[in-house]
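Engineer: Before anything else, here's the structure in question.
The values are calculated or read from the model by the stated rules, or taken from the named source; none is laboratory data. Since we're looking at a predicted model, the values are computed, not measured. No Cβ is skipped: glycine too gets one built from the backbone with ideal geometry, and neighbour counts run over all protein chains shown.
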Amino acid sequence: MAAGGVPRVAGPGGVASGPRLSAADAGRGQASGGSASGGSASGGSGAGAPGEASAAIRLDKWLFHARFAKSRGVAAKLVDQTGVRVNGARASKPAQSVRPGDVLTFALGTTVRVVRVLAPGTRRGPAPEARTLYEDLAPPPDRSAPPDPAEAAVAPPAPRDRGAGRPTGAERRALDRLRGRDDG
């Protein structure tokens, strides 16, 4: 029995739970039969707040929640293969923790994204919700400048000799007129 005549109950792992709060002491935050500090068992000042444990999140999970990757697997590959940097240092694994305030740098397609983590996120929500998880630090692309020809990856159409291969629409209509089929 614990002090004050309250039996101590064994919790998970066979460890007895701490002192219980009486109804009168519960409002004041004091444990019956224990110290009057009302702090945690370690004597801390509440540093282990409930929301604090959820402030860190896996890097691949955050990339998925912030909609930078279509799945957790794609996010993990992004970390492993392209090399995501967290505060300037390359992330060693997809399970690395990120917290609000961390700056992530990574290549996504042909652009380099630089974002500051604002919140860990709890789910993969719609795009407007995902944009609240980060602040984009990369300057927006200048749309008024002419596009760089090196970035234009569109190849010109291949040259085609007249009459070679499958006819174009105009050639097909000309052939139909020549054959006397005028289907209109």
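Engineer: Filter segment 69-85 for residues that are closer than 14 Å to residue 107 by Cα and out of contact with any strand residue (DSSP E or B) (no Cβ under 6 Å at 6 or more places or on another chain) and give the result.
Structural biologist: Within segment 69-85, 69, 74, 75, 76, 77, 78, 79, 80, 81 qualify.
Conditions tested, residue by residue: (1) under 16 Å from residue 138 (Cα atoms); (2) of a type in the set (Lys, Arg); (3) exposed (fewer than 13 other Cβ atoms within 10 Å of the Cβ); (4) at pLDDT 90 or above.
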site	(1), (2), (3), (4)
37	no, no, yes, no
42	no, no, yes, no
51	no, no, yes, no
63	no, no, no, yes
82	no, no, yes, no
104	yes, no, no, yes
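Engineer: Right, here's the next one. Return the pair list, or none, for Cβ contacts closer than 7 Å from residues in segment 72-91 that are part of a strand (DSSP E or B) to residues that are hydroxyl-bearing (Ser, Thr, Tyr), at least 6 apart or on different chains.
Structural biologist: These pairs meet every condition: 85/105.
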